[in-house]
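The values are calculated or read from the model by the stated rules, or taken from the named source; none is laboratory data. Since the structure is predicted, the reported quantities are computational estimates derived from the model, not experimental observations. Here the Cβ positions follow ideal geometry from the backbone for every residue, glycine too, while neighbour counts run over all protein chains shown.
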Amino acid sequence: MASKNEALLKRLLATFRVEADEHLQALAAGLLALEKAPAGSEAGRIVEAIFREAHSLKGAARAVDLASVESLCQALESVFAALQQGRQPVSPALLDLLHQALDMLDALLRGPEPAAVPAALPGLIRRLEAAAAGSALSGGAEPSFEAVAPRVAQEIAAPQPAAAPITAVDTVRIAAAKLDAVMRQAEELLGPRLAAQQRVEALRETADLVHARKKQRAQLLTALRRIERVSGNGSPQERKDLQQLLRHLEGEALFMATLDTRLSKLQQAAANDQRMLAGMSESLLDGIKQMQLMPIASLLDILPRLARDLARDQGKAVTLSLQGGEIEIDRRILDELKDPLIHLLRNAIDHGIESPAARGAAGKPAQGTVTLAVLQSDSGKVELRMTDDGAGIDVARVKAVACQKGMLSAEAVEQLDDRAALGLVLRSGLSTSPIITDVSGRGLGLAIVHEKVERLGGRIAIDTQPGAGTVFSMVLPLTLATLRGVLVRAGDRLCAVPAASVERVARVDGAALRTVENRATILLEGQVLSLVDMADVLALPRPAAGAAAAPWPVLVLGQGAARVAFRVDAILGEQEILLKPLGPQLARVRHVAGASLLGTGEVVPVLNVADLLHSAATGAAPSAGSTPSAPKRSVLVVEDSVTSRALLKSILESDGYAVSTAVDGLEALAELKAADFDLVVSDVEMPRMDGFELTACIRADRQLAELPVVLVTALDSREHRERGVDVGASAYIVKSRFDQGNLLETVGRLL
């Protein structure tokens, strides 16, 4: 009996988590609306709505015996009652307290042990009860990072809890894993469907052969009868043999006619079965695709709170406008879009929107605006367009950073137009931020966005106007399932290329080949395109016969602004393919996005177009082991705490750096004069000379001015980070968020 009760409780908890998540989203949206709403009837309506949500959540928590959640909801109800009765006004301090309560609820609901009570819960409930009693709240108190970070991190990384099936009047909740399993089974029907099509084609070819053979037999029979009529002078045995041959052929003709008829009927029946299978499987797949669709609003709901917290942390005023939330997208795409949207929002607020003072000086409203519009596109596509009215992207700065980091030569950078230069911000490691912080500066965010969008079969474009703002546009498919692929032969290998990236196919003869800057090019539709051999890019061996003679089949592949012509040995046609992953052992094979099974039973690789274009532009990567081992890089650690100094030294030495130490800024300056270092890691609060002063002295010294400086400190305010930027620090790491990987990643990027 106990095991049955435990199983029931688990199912109830799974159901409760789904319901509670809906209540939390409604509460968060209500608080944000209350923050913007003027006093009066509108504010009263919002308070009434969130009061009801808190009450419903309290009742659901009581049903599953979650006393901590119930107590916190009870305290929230008291605050909302005070707001209704006018005993407590709506203020920034009260809203911050309410948001902290939502963070606590989120932590209680998402923790591995829902019944566990955090140490901070009683104090939070006491503060809520005091607010409900009408006590004045201290103004200007911002929620601590420890309160905000768990929610943000969980919204980014945590999967949504699965719910047990629950029957309702209009809907049925089904666990996502079960829906995914049915979807995979429906997708697998593509294999038998393609195989059935292949069998129909084989039967047609066989019927054609039999029909042709029947005609040949008929012609032979006619010729022999003609010989019989003119062979009266032959011997009796010859005439007898000829008559036997004629009777055999006449009997065989009847057999061939019967075989031809049966094959035709069999071919027709197979074609009918194939059409029925195709129709049923397509209908089933479309139906399950519709089941996977969810309003994108379910994803957008997490953004207003994140925008609010980021703007407050940056000392900026930002309004986030969301449009098109009713558009439905495949749930699996929504899961993958969470990271890109969060990175783009962080980028818009941190890099795009200026401070209120800077906006005022530029004649702009103090409050910046970020708009995320979801637009229905043609051919099963959806466009997500994030626009900000900030400072725009400094294209000249992007070019300079790309040249400085060795991504492109100075000559190559100069030849880039603005559109191509903007594409550089999508590369990993490129950031125009003057300092690396916990929010930005590592050059990873937009690279992650680019990678995710490409993996989903989409594309991303950037448009910017100096002083007016920037637009990031992502075009993505509405659903994930089968795709169209172009089958090609490169060398001795059959491959599939996603048709969405194939701009055109053509045949090019040798006369059209040109050499520009030692690269083979062709002129196609008035545009000069690089021409590369796909077999060479894929490092595939050539068949014994060698390369095909001109004219060559050519695929023009494009993504964003990049377009390259790939020469192949044969283009075999286009068909529907089902992309299958390669598994965790081969999760990232260069040039290969996955594999597909053809109707013939042959497994073909599905090529990664982004990798092909990158290889065509940069050439093949050097083989492993070809790079000589580099000497150890030297790091100076400046820290007055013996424990912290030993920890930093141990972390850096374990990663292969040569580390020296100093106890304060004055000793560090002496060390820098006595020896050469590649980087400095310094605390801020130190006796005699602190980290800010040390950094300023390093930047003022002509010989040390370019030396990277990483400040590792407990000082977490925006003012301290801005001072770090002012004195010229290369990175600013807060000790409360410090971890070994964060330090090593930052040092590695700066070196």
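Overview of values
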read-out	value
So residue 684, is it touching a Pro at 6+ places or on another chain (Cβ under 9 Å) and without any contact (Cβ under 8 Å) to a residue 60 or more places away in the chain	no
Subset of the stretch 80-98 that is closer than 9 Å to residue 134 by Cα and in contact with a helix residue (DSSP H, G or I) (Cβ under 6 Å, 6 or more places away or on another chain) - its residue that is surrounded by the fewest Cβ atoms within 10 Å (Cβ to Cβ)	82
Test: residue in the stretch 296-304 that is in a strand (DSSP E or B) and under 29 Å from residue 188 (Cα atoms)	no
Failed item in (1) over 26 Å from residue 721 (Cα atoms); (2) modelled with pLDDT under 85, with residue 675 passing the rest	(2)
In the stretch 40-74, residue modelled with the lowest pLDDT [restricted to those that are of a type in the set (D, E, K, R) and under 16 Å from residue 107 (Cα atoms)]	58
Hits in the stretch 122-148 (condition: surrounded by fewer than 18 Cβ atoms within 10 Å (Cβ to Cβ), modelled with pLDDT of 80 or more and of a type in the set (A, V, I, L, M, F, W, C))	130, 133
Sole residue being within 37 Å of the chain's Cα centre (by Cα), at pLDDT 80 or above and among the hydroxyl-bearing types (Ser, Thr, Tyr), chosen from 623, 629, 650, 660	650
Boolean, residue 734 is within 33 Å of the chain's Cα centre (by Cα) and buried (at least 17 other Cβ atoms within 10 Å of the Cβ)	yes
Any hit, the stretch 393-406, residues being assigned by TED's automatic domain parsing to the domain that holds residue 457 and under 21 Å from residue 307 (Cβ atoms)	yes
Scope the stretch 739-748; condition more than 24 Å from residue 705 (Cα to Cα) and either surrounded by fewer than 17 Cβ atoms within 10 Å (Cβ to Cβ) or at pLDDT 80 or above (or both); matching residues	739, 740, 741
The stretch 698-727: number of residues that are among the charged types (D, E, K, R), over 33 Å from the mean Cα position of the chain (by Cα) and not in a helix (DSSP H, G or I)	3
Hits in the stretch 356-374 - residues which are farther than 14 Å from residue 321 by Cβ, touching a residue at least 40 places away in the same chain (Cβ under 8 Å) and either surrounded by fewer than 16 Cβ atoms within 10 Å (Cβ to Cβ) or aliphatic (A, V, I, L, M) (or both)	362, 366
Flag if residue 683 is closer than 10 Å to residue 640 by Cβ, in contact with a strand residue (DSSP E or B) (Cβ under 7 Å, 6 or more places away or on another chain) and charged (D, E, K, R)	yes
Verdict on residue 663 being β-branched (Val, Ile, Thr) and out of contact with any Pro (no Cβ under 9 Å at 6 or more places or on another chain)	no
Residue in the stretch 390-402 that is surrounded by fewer than 20 Cβ atoms within 10 Å (Cβ to Cβ), under 30 Å from residue 483 (Cα atoms) and either touching a His at 6+ places or on another chain (Cβ under 6 Å) or of a type outside the set (Phe, Trp, Tyr) (or both) present	no
Failed criterion for residue 467 (all others in (1) crowded, with 20+ Cβ neighbours inside 10 Å; (2) assigned by TED's automatic domain parsing to the domain that holds residue 377; (3) modelled with pLDDT of 85 or more hold)	(1)
Looking only at the stretch 305-335, and only at residues there that are β-branched (Val, Ile, Thr) and in a strand (DSSP E or B), the one that is surrounded by the most Cβ atoms within 10 Å (Cβ to Cβ)	329
Identity of the residue in the stretch 75-102, in a helix (DSSP H, G or I) and more than 40 Å from the chain's Cα centre (by Cα), that ends up farthest from residue 309 (Cα to Cα)	85
The stretch 1-32 - residue that is modelled with pLDDT of 80 or more and acidic (Asp, Glu) and, of those, surrounded by the fewest Cβ atoms within 10 Å (Cβ to Cβ)	22
Residues satisfying the stated conditions in the stretch 519-541, i.e. within 13 Å of residue 554 (Cβ to Cβ), under 30 Å from the mean Cα position of the chain (by Cα) and either of a type in the set (Ser, Thr, Tyr) or surrounded by fewer than 16 Cβ atoms within 10 Å (Cβ to Cβ) (or both)	530
Contacts under 7 angstrom Cβ, first residue in the stretch 636-656 being farther than 16 Å from residue 682 by Cβ, partner of a type outside the set (Val, Ile, Thr) and not in a helix (DSSP H, G or I), 6 or more apart	656/632
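Matching residues to (1) farther than 30 Å from residue 324 by Cα; (2) modelled with pLDDT of 80 or more:
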| site | (1), (2) |
| --- | --- |
| 206 | yes, yes |
| 223 | yes, no |
| 233 | yes, no |
| 256 | yes, no |
| 269 | yes, yes |
| 272 | yes, yes |
| 295 | no, yes |
